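The values are calculated or read from the model by the stated rules, or taken from the named source; none is laboratory data. What you are looking at is a predicted structure, and each value in this text was computed from that prediction instead of being measured. Quick reminder, even Gly has a Cβ in these numbers, built from the backbone with ideal geometry, and neighbours come from all protein chains shown. All accessible areas refer to the heavy atoms of the entire protein, side chains included, with ligands and DNA or RNA removed. Shrake-Rupley method; radii C 1.70, N 1.55, O 1.52, S 1.80 Å.
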Amino acid sequence: MATITVLLPGEEVPVDQLPKARKGKLTLGPGLRHIAPSTILSTTTGSLYVDHKKSALWLEHDNGRYQPAVGDSVIAQVHHGGAESYACSLTPHTSFALLGQLAFEGANKKTRPQLKAGDLVYARVSRASKWEDTEIECFNSGTGKAEGMGPLKGGMLFDVSPSFARRLMMGTEKDGRSKGGVVVLEEVGEKVRFEVAVGRNGRVWVDSSSVRETLAVGRLVTQADEGKWNLEQQRKAVKKSLRDL
Amino acid sequence: MPREAEPSTNEQAFLLSALRENIRLDSRAFDAFRPIDLSFPGGPDEYGTAEVRIGKTRVLAKISAEVVAPYADRKFEGVFTIACELSPMGSAAFEVGRQDQSEILLSRLLEKTIRRSGALDTESLCIVAGSKCFHIRADIHVLDHDGNLMDASCLALVAALMHFRRPDVEIHGEEVTVFDVRERDPVRLAMQHQPFCVTTSYYDGGAIMLQDATLLEEQCRDGEIVISMNRFGEVCSIAKYGGTPVDGLSMLTCTNVALEKVKMLDKLVKDSLAADEKRRDAGGLMAELSAENDR
């Protein structure tokens, strides 16, 4: 079994942990920093992950709040509307992200969704930088298609940790194995019909035909996160909650 | 001024529709509390610290005592003050150095429940009339806020007061000797009764009533009723700050439920105090070392 290297802030990445590939560029992910000429330091606490094929390495950790990055799917809550854009909050008590009034599928000045304070939208981060406001959009600006994004009606929002949200969004391998090690949603989905949207900012939106089912799905997700359930525990919990429904 | 982030309209609507179907988001019964954990951190000589966790809400109460001169108009009484602090550690909505509405309400209610109901016998804190008395200070720190701060702080405060021991004193005329904990076993405070707060949140104009609401449930409620009483059913205060009106009958049901909860809280405090005593009384010598008089 491969051992996991845990790094503390300021620690050097051991040389034998670096990707084996001699060719190409080395890619550093979150939590790592390169100091010329040949030192790689960690900037946070986390466990080191190495992808030898892509010659990439990065740190993973559970704690911390969500930092917007371009391309992330997020669930944002409208705080107030402006002349050109809505101010939305991705995480509480941080500065707002801007959602253009026309950043929806097929929206023009006449036909655009009227959002009120407190409404939820599923959106993608289109611009994120340290110095400007984060911008989000509810359509693919290249194709003009919604691609599943837009206002979220009804349903319930559940909070999970950002790292768990990421694991939920990893998808599955070709053989159907979950990459992130989360199978709750797939397992429940075999028996119960529901709609789900996972935001990288640690929010999961669930909607179904009944309150009971929505709650059961939401509870399974939050408990799997808080209890750090493995696959076996997840399957067991799903079976139990399906019996109770 | 920062405020607690408002829940989205989806969450509010879902919570209400769930409550109308008799479901709470964490699958509790309407009158059930979240699991309560009461502990007394500190070494064998440290008394008067109590930590309460109700679900994710976490409150720490610390009691301290010092010798001061009593107030000129109350020569035979000691001084008892309660200080509440909502620091940003508890929630990002709390700000340092600025009192917000909830903080004022919290400290006023604790004041009413504990101090004005005479839970602590302040006359027993007098050392020399008119010149020396004990000043008992209670500090409440909110470490984590997930609703129901009132009940948690009140529980922590009462538990800490019951756990606290003040240093023993000896009086020869005008001369007072205060003994260190290591010299003489410290003395318990004289409590006359133990009042507890029980908060009821109501929805739909009083048709739905909940005990021990979480933060989300608190943000969606129509109003709250805080009832403080002791285990004998003697009501110390009923507080309802704004919100929609409720009829008298539901107020009565509230009080009945509160009594049940107060009995539960009272038992919890007594049990935890007994367990803590056992833990501290390692060699079984406590009874021999005690300087307390039988009354």
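Below is a table of values for the structure above.
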quantity	calculated
Cα shape, chain A, gyration tensor, a/c 1.5 rule	oblate
Cβ-derived FRET efficiency at R0 35 Å, residue B:124 paired with residue B:244, nearest 0.05	0.20
Cβ-based net charge around residue B:117, under 11 Å, with every Lys or Arg adding one and every Asp or Glu removing one	+1
Residues of the range B:118-133 with amide N under 18 Å of the 7 Å Cα→Cβ point at residue B:75	B:123-133
Point-charge dipole on Cβ atoms (K/R +1, D/E -1) for chain A, about Cα centre, debye to 20	460
Accessible-area composition of chain A, carbon plus sulfur, in percent [1.4 Å probe]	51
Rounded to 5, the percent of DSSP beta bridges in the protein assembly as shown classed as antiparallel	90
Protection-proxy order for peptides A:184-193, A:5-14, each taking the mean of Cβ atoms within 10 Å per residue, highest first	A:184-193, A:5-14
Pair residue A:69, residue B:111: separation of 7 Å Cα→Cβ label points (nm)	5.1
Neighbouring partner chain Cβ atoms per residue of A:153-161, average, 10 Å criterion	3
Rounded, prolate or oblate (a/c below 1.5 giving rounded, otherwise prolate when a/b exceeds b/c) for the range A:70-149 by Cα gyration tensor	oblate
Cα gyration tensor shape of the range A:157-244, rounded if a/c is under 1.5, else prolate or oblate by comparing a/b with b/c	rounded
Where the range B:150-295 is the region considered: accessible area per residue in Å², 1.4 Å probe	49
Number of partner chain Cβ atoms within 10 Å, mean per residue of A:65-77	1
In the range B:9-89, trypsin sites (Lys or Arg not before Pro) in a DSSP loop with at most 13 other beta-carbon atoms within 10 Å	B:56
Ranked by how many other beta carbons lie within 10 Å on average, peptides A:28-39, A:72-83 from highest	A:72-83, A:28-39
Other protein chain Cβ atoms within 10 Å, averaged over every residue that makes up B:9-19	5
Charge context of residue B:30, other residues only, Cβ under 14 angstrom, K/R +1, D/E -1	-1
Ranked packing of A:229-241, B:155-167, B:93-105, B:211-223, most packed first, by mean Cβ within 10 Å	B:155-167, B:211-223, A:229-241, B:93-105
Charge sum, other residues only, whose C-beta stays under 14 Å from residue B:88's C-beta, Lys/Arg counted +1 and Asp/Glu -1	-4
Reachable lysines from residue A:54, criterion Cα separation under 29 angstrom, eight or more residues apart if same chain	A:20, A:23, A:25, A:130, A:174, A:179, A:228
Partner lysines for residue A:116 [C-alpha distance under 25 Å; skip if fewer than 8 residues away on the same chain]	A:145, A:153
Paramagnetic reach from residue B:4 (point 7 Å along Cα→Cβ, amide N under 18 Å) across the range B:146-182	B:146-155
Selected from A:219, A:124, A:203 as most flexible by GNM, with chain A as the system and alpha-carbon contacts under 10 Å	A:219
Sites matching chymotrypsin sites (Phe, Trp or Tyr not before Pro) across the range A:79-146 that sit in DSSP coil, with at most 10 neighbouring C-beta atoms within 10 Å	A:131
Carbon plus sulfur fraction of accessible area for the range B:187-289, probe 1.4 Å, in percent	57
